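Novice: Take a look at this one; I'll ask things after.
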Amino acid sequence: MEFPEFTDDLLTGFEGVDRQHRVLFKVARKVLAVRAAAPEEVFKASSFLVSYVHYHFTAEERAMEMAGYPRLESHKRQHDLIRKDVDGIREATLAREEPQKLLLRIQMLLDDWFLPHINGVDRPFAEYLSQNPEAWVAVGELASARALIDEGRLSPEHATDELDDQ
Ligand SMILES: [Fe+2]
Ligand SMILES: [Fe+2]
């Protein structure tokens, strides 16, 4: 099991989103790389990945709202489908599923969703922003995990000290 490196052809042009995508790739690669390590390491990395995906989606959705993005609802539906799989991974992590099985779930999630979603759904949002300067200004920076929790958008369970440090 291998997950690819983040490459420049995945850049959307929205710097904050691109930065978080880089983190997602880094974390995903880390999870899959620790497979030979102690199971607790796998669970720890998996929990972080789950939280980071939730954080990233919520930050993107807030940005789309601020931008008045016309395709917000369909983009959100895509996120919700992925969230279902991610929550399955969360449950499996909490239940301490056999690490090899858990890693397989994660690999499938990454293969099925990450690349198609970035290219097919996130990129059009970034393109919309670049064509609508006022929307850009309205979005500003992506919100931090702490700000999203304070706004009641993100569950506090997805706050980890590391989230803001990435
Ligand atoms: Fe994204
Ligand atoms: Fe997205």
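Novice: List the helices (runs of 4 or more DSSP H) that sit entirely inside the range 57-148 and contain at least 2 residues that are out of contact with any Phe, Trp or Tyr (no Cβ under 6 Å at 6 or more places or on another chain) and closer than 19 Å to Val27 by Cα.
Specialist: The helices (runs of 4 or more DSSP H) meeting that bar are 72-94, 99-109.
Novice: Same structure again: Being out of contact with any helix residue (DSSP H, G or I) (no Cβ under 6 Å at 6 or more places or on another chain), within 27 Å of Gly13 (Cα to Cα), surrounded by 16 or more Cβ atoms within 10 Å (Cβ to Cβ) and without any contact (Cβ under 8 Å) to a residue 60 or more places away in the chain, is that true of even one residue in the range 126-145?
Specialist: no
Novice: For the range 67-85, check the following and say yes or no: at least one residue is in contact (Cβ under 8 Å) with a residue 24 or more places away in the chain, buried (at least 20 other Cβ atoms within 10 Å of the Cβ), over 18 Å from the mean Cα position of the chain (by Cα) and within 12 Å of ligand 2 (Cβ to nearest atom).
Specialist: yes
Novice: With the condition kept exactly as written, say whether any residue in the range 85-105 is closer than 18 Å to Asp122 by Cα, at pLDDT 95 or above and of a type outside the set (A, V, I, L, M, F, W, C).
Specialist: no
Novice: Can you pull out the residues in the range 86-102 that are under 13 Å from the mean Cα position of the chain (by Cα) and surrounded by fewer than 19 Cβ atoms within 10 Å (Cβ to Cβ)?
Specialist: Result: Asp87, single match.
Novice: Let me ask something additional. Does Ala63 qualify as being over 12 Å from the mean Cα position of the chain (by Cα), within 11 Å of ligand 2 (Cβ to nearest atom), among the hydrophobic types (A, V, I, L, M, F, W, C) and within 30 Å of Gln131 (Cβ to Cβ)? Before you say what the answer is, go through the steps one by one.
Specialist: Details: over 12 Å from the mean Cα position of the chain (by Cα): yes; within 11 Å of ligand 2 (Cβ to nearest atom): yes; among the hydrophobic types (A, V, I, L, M, F, W, C): yes; within 30 Å of Gln131 (Cβ to Cβ): yes.
In short, yes.
Novice: Here's a follow-up. In the range 6-19, which residue that is more than 15 Å from Leu115 (Cβ to Cβ) and assigned to a helix (DSSP H, G or I) is farthest from ligand 1 (Cβ to nearest atom)?
Specialist: Glu15
Novice: Out of His54, His21, which single residue is within 16 Å of ligand 2 (Cβ to nearest atom) and farther than 18 Å from Leu129 by Cα? Write out each step before concluding.
Specialist: Values: His21 fails: farther than 18 Å from Leu129 by Cα.
So the residue among His54, His21 that is within 16 Å of ligand 2 (Cβ to nearest atom) and farther than 18 Å from Leu129 by Cα is His54.
Novice: Ok, one more. When residues of the range 103-139 are filtered for being within 19 Å of the chain's Cα centre (by Cα) and more than 16 Å from ligand 2 (Cβ to nearest atom), how many remain?
Specialist: Total satisfying the criteria: 7.
Novice: In the range 21-50, how many residues are hydroxyl-bearing (Ser, Thr, Tyr) and not in a helix (DSSP H, G or I)? Walk me through how you get there before you give the answer.
Specialist: At the first step, the residues of the range 21-50 found to be hydroxyl-bearing (Ser, Thr, Tyr) are 46-47.
Subset that is not in a helix (DSSP H, G or I): none.
So the answer is 0.
The values are calculated or read from the model by the stated rules, or taken from the named source; none is laboratory data. A quick note: this is a predicted structure, and the numbers were derived from the prediction, not measured. Every residue, glycine as well, gets a Cβ built from its backbone with ideal geometry; the counts of neighbours run over all protein chains shown.
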